[in-house]
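Quick notes on the structure that follows.
The values are calculated or read from the model by the stated rules, or taken from the named source; none is laboratory data. Fair warning: this is a prediction, and the values are worked out from it, not measured in the lab. Because the Cβ atoms are built from the backbone with ideal geometry, glycine has one as well, and the counts that use them run over all protein chains shown. To get the accessible areas, we keep the full protein, side chains included, count just its heavy atoms, and leave off ligands, DNA and RNA. Shrake-Rupley method; radii C 1.70, N 1.55, O 1.52, S 1.80 Å.
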Amino acid sequence: MFAPRSGLEALKPYSVEEIQWPIRLDANESPTDMPQAIKTKVIEKLAALPFNRYPEISALSLKTTIAVGFGLTAANVLIGNGSSEILEALCYAFGGAGRSIVYPSPSFSMYGIYAKLADSQPVPVALNADYTLDADKLLAAAKEAAASVILLCNPNNPTGVVLPPAQIEYIVANTKSLVVVDEAYHEFYGKSSVNLLSKYPNLAIARTFSKAYGLAAARVGYLLASEDIAQTIGKVLLPYNVNALTLATAEIVYNMRQEFAASLAENSRERERMTAALGAIAGVTVYPSQTNFLLVKSDTITAMVARLSARGIGIRDFSTAPGLTNCIRIGIGTPDENKAVLEAVTA
Ligand SMILES: *Cc1c(COP(=O)(O)O)cnc(C)c1O
């Protein structure tokens, strides 16, 4: 007789509404397609790609390209189908039955799911009311649960709030757990914990091409860690996990990443403008964000969501999620899209 493995029935499928909103501010994507200079190079490279061949088995070329910029070697880098794939593999490799995985809450909703998929115990630790982190509380929870892994998201999704790098070092220095810093939004913030890798063997950094580099379509992310950690997680990843089209595209994007400077600067200007404008509305709280989205709280959030959707604007509704009562997450769009948001909420 067949049946799902134990624990799987209790897991809800990842559900985001598949609505094609005219204005899509619900998935933290880049609001604009990649710069034309990059796209031209990508298309030239794909035209010459041998589609009959498997990709490079260890993605050595992209790994080396990424490693060099950090003064690391290819053995310190893993490439995945989005950083999601690597974070999941990490939970399999360092979690497992009878182990615990600790992470702040609210944070990226997938962390708890990765923990459960790995048969580990998810241990969410509540953030403070302003969504800052109490590092000692997190460390105490990790110690009590004898956590094998601590997942930190910096800046944090969906709050946008940052963990100061010194707080991350404090956590890494005071635990024996493997600490993973998910830096999916680091390009919008500018600060990173990569420099701690040489000092702490229990640290790994996850990055993605899906957000600042506007490459969500290609699904590519990477992890930086010690050779030992990378090799262990590599056992869980399938051979040829990342396809050749994605590898070729990502390498060009990475080498041309300075082309994104203008869109990063625009995001930051627009974010500050939107923070001020939305924050000026009576009864609305906007949390300080160093990302490409804003967490917005209002007592009349249901009406706000209705006004946004009536104008074809998709946002992520967290208003009934634990720790996020009356909150929605709004991506920073193009100036025109942001104008539409302001018109909708102030109408
Ligand atoms: C978007 C995101 C990721 C990565 O997504 P991929 O597209 O799988 O690379 C990872 N962590 C957080 C917190 C994110 O918001």
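Filtering region 20-61 to residues that are touching a Ser or Thr at 6+ places or on another chain (Cβ under 9 Å) and more than 27 Å from Gln290 (Cα to Cα) leaves Val42, Lys45, Leu46, Pro55. You will find that of Gly80, Gly71, Gly96, the residue that is outside the structural domain of Thr334 (by TED's automatic domain parsing) and within 16 Å of the ligand (Cβ to nearest atom) is Gly80 and no other.
Given the structure, is Tyr254 at pLDDT 95 or above and either part of a loop (DSSP other than H, G, I, E, B) or within 16 Å of the ligand (Cβ to nearest atom) (or both)? Taking the combined requirement at face value, the residue satisfies it. In region 214-231, the residues that are small (Gly, Ala, Ser) and open to solvent by 10 Å² or more (accessible area, probe 1.4 Å) form Cβ pairs under 6 Å with partners that are more than 11 Å from the ligand (Cβ to nearest atom) and modelled with pLDDT of 95 or more, at six or more places apart or across chains, as follows: Gly214/Ser30; Ala218/Thr246; Ala218/Thr249; Ser226/Pro201. Could you tell me whether region 137-145 includes any residue that is within 15 Å of the ligand (Cβ to nearest atom) and touching a Pro at 6+ places or on another chain (Cβ under 8 Å)? Scanning region 137-145, I find no residue that is within 15 Å of the ligand (Cβ to nearest atom) and touching a Pro at 6+ places or on another chain (Cβ under 8 Å), so the answer is no. In summary, Glu85 fulfils each of the numbered conditions (1) of a type outside the set (Ser, Thr, Tyr); (2) away from the ligand (no atom under 11 Å from the Cβ); (3) assigned to a helix (DSSP H, G or I) with the single exception of condition (2).
Please verify whether region 118-131 includes one or more residues that are open to solvent by less than 10 Å² (accessible area, probe 1.4 Å), outside any helix (DSSP H, G or I) and closer than 16 Å to Ser84 by Cβ. Yes - at least one qualifying residue is present in region 118-131.
Of Lys211, Lys176, which residue is open to solvent by 10 Å² or more (accessible area, probe 1.4 Å) and within 11 Å of the ligand (Cβ to nearest atom)?
Working: Lys176 fails: within 11 Å of the ligand (Cβ to nearest atom).
After applying the criteria, what remains is Lys211.
On the basis of being outside any loop (DSSP other than H, G, I, E, B) and more than 16 Å from the ligand (Cβ to nearest atom), does Ile43 make the cut? Spelling it out, Ile43 is indeed outside any loop (DSSP other than H, G, I, E, B) and more than 16 Å from the ligand (Cβ to nearest atom). None of Tyr240, Tyr200 is more than 16 Å from the ligand (Cβ to nearest atom), assigned to a loop (DSSP other than H, G, I, E, B), in contact with a Phe, Trp or Tyr (Cβ under 6 Å, 6 or more places away or on another chain) and not charged (D, E, K, R) except Tyr240. How about region 291-311: which of its residues are farther than 15 Å from Thr159 by Cβ and open to solvent by 10 Å² or more (accessible area, probe 1.4 Å)? Asp299, Thr300, Thr302, Ala303, Val305, Ala306, Arg307, Ser309, Ala310, Arg311, listed by residue number.
Taking region 46-71 as the range and being assigned to a loop (DSSP other than H, G, I, E, B) and small (Gly, Ala, Ser) as the test, the residues that pass are Ala48, Ser58, Ala59, Gly71.
The set of residues in region 232-261 that are out of contact with any Leu (no Cβ under 7 Å at 6 or more places or on another chain), open to solvent by 30 Å² or more (accessible area, probe 1.4 Å) and touching a residue at least 40 places away in the same chain (Cβ under 8 Å) comprises Thr232, Lys235, Val236, Pro239, Tyr240, Asn241, Asn243, Asn255, Arg257, Glu259. Being surrounded by 20 or more Cβ atoms within 10 Å (Cβ to Cβ) and more than 19 Å from Pro155 (Cα to Cα) is the filter; apply it to region 106-117 and report the residue that is nearest to the ligand (Cβ to nearest atom). Checked region 106-117; the qualifying residue nearest to the ligand (Cβ to nearest atom) is Tyr114.
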